[in-house]
Amino acid sequence: MKGMKKKYVVMLTFVLILSMTIGVMGTYSQGADPYSEFRIAVAGGDRYSTAVAVAMQKYDEAETVIIVRGDNANGAPQVVDALSASGIAGVYNAPILLTQQNSLNEETKKALGILNAKKAIIIGGPGAVSEAVEDELAGLLEDVKRVFQERGDRYSTAAEVAKAVLPVTKEKTAIIAGGTALVDSLVAGPLAHEKGYPILLVGRTVPDTTKEIIQGYGIEDLIIVGGPGVVSETVLNELKSLVSGEVQRVSGTDD
């Protein structure tokens, strides 16, 4: 039964992130049949404790953890860096844990000890996860590094994550998601984690940082997540001009 549940851990991590965008949390409950019901949450808890609970379902120990911002700004969850982190989490076999921007979350801090973590990879610059949090992590762990681009944005952060993933996986396929389409990045997460595909972001055009990854790492095939309302046909055609292989769009009836 426990082995069956572990199959859901990657998906649950991204369901957690989705719950941050729609405000859904519940109490801890496990049904007898994990295929029909499987909920991970902590009674009276929040997104941070739920992230820890998800991690504990898979990991007894984790040498490396991925740290991403989990709090809100102006009423909106700041989760875009977390969504691009799935590939690097797969490479390092590492859980994704959440923290507030300016202080290391206490539940996350406790989890570092329980998991016997030695290293942390922070996704995003100091504007996402502050230097104060980085310093506190450095006082607790043997090694802390940050994946981001100076004066960058979500597009460049996704590209920097790809630079950490592709030299390890050697994959020639990348996932493309809209830079403002958080749910589409969310649903792409399990595939990125399992296959080692980077998630690259586009806007109304293909950003230079995304182009550089596609061309610089010899990406041949692209999987676009979302319909034309998320990634336009103009952008799709621009992407086709950058690769030698297949550009496949995966979308439903709603964008």
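What pairs come up if the first residue lies in the range 125-148 and is of a type in the set (Gly, Ala, Ser), the second is in a helix (DSSP H, G or I) and open to solvent by less than 50 Å² (accessible area, probe 1.4 Å), and their beta carbons are under 6 Å apart, counting only those six or more places apart or on different chains? What qualifies is Ala128/Asp81.
Out of curiosity, is Gly245 outside any helix (DSSP H, G or I) and at pLDDT below 95? Taking the combined requirement at face value, the residue does not satisfy it. Regarding Val231, is this residue free of Cβ contacts under 8 Å to residues at least 60 places away in the same chain, in a loop (DSSP other than H, G, I, E, B), open to solvent by 10 Å² or more (accessible area, probe 1.4 Å) and aliphatic (A, V, I, L, M)? Considered against the rule, which asks whether it is free of Cβ contacts under 8 Å to residues at least 60 places away in the same chain, in a loop (DSSP other than H, G, I, E, B), open to solvent by 10 Å² or more (accessible area, probe 1.4 Å) and aliphatic (A, V, I, L, M), Val231 comes out as no.
The values are calculated or read from the model by the stated rules, or taken from the named source; none is laboratory data. Since this is a predicted model, take the numbers as computed values, not measurements. A quick note on method: Cβ atoms are made from the backbone with ideal geometry, for glycine too, and the neighbour counts reach across all protein chains shown. Side chains are part of the model used for accessible areas, which takes the heavy atoms of the whole protein and leaves out ligands, DNA and RNA. Shrake-Rupley method; radii C 1.70, N 1.55, O 1.52, S 1.80 Å.
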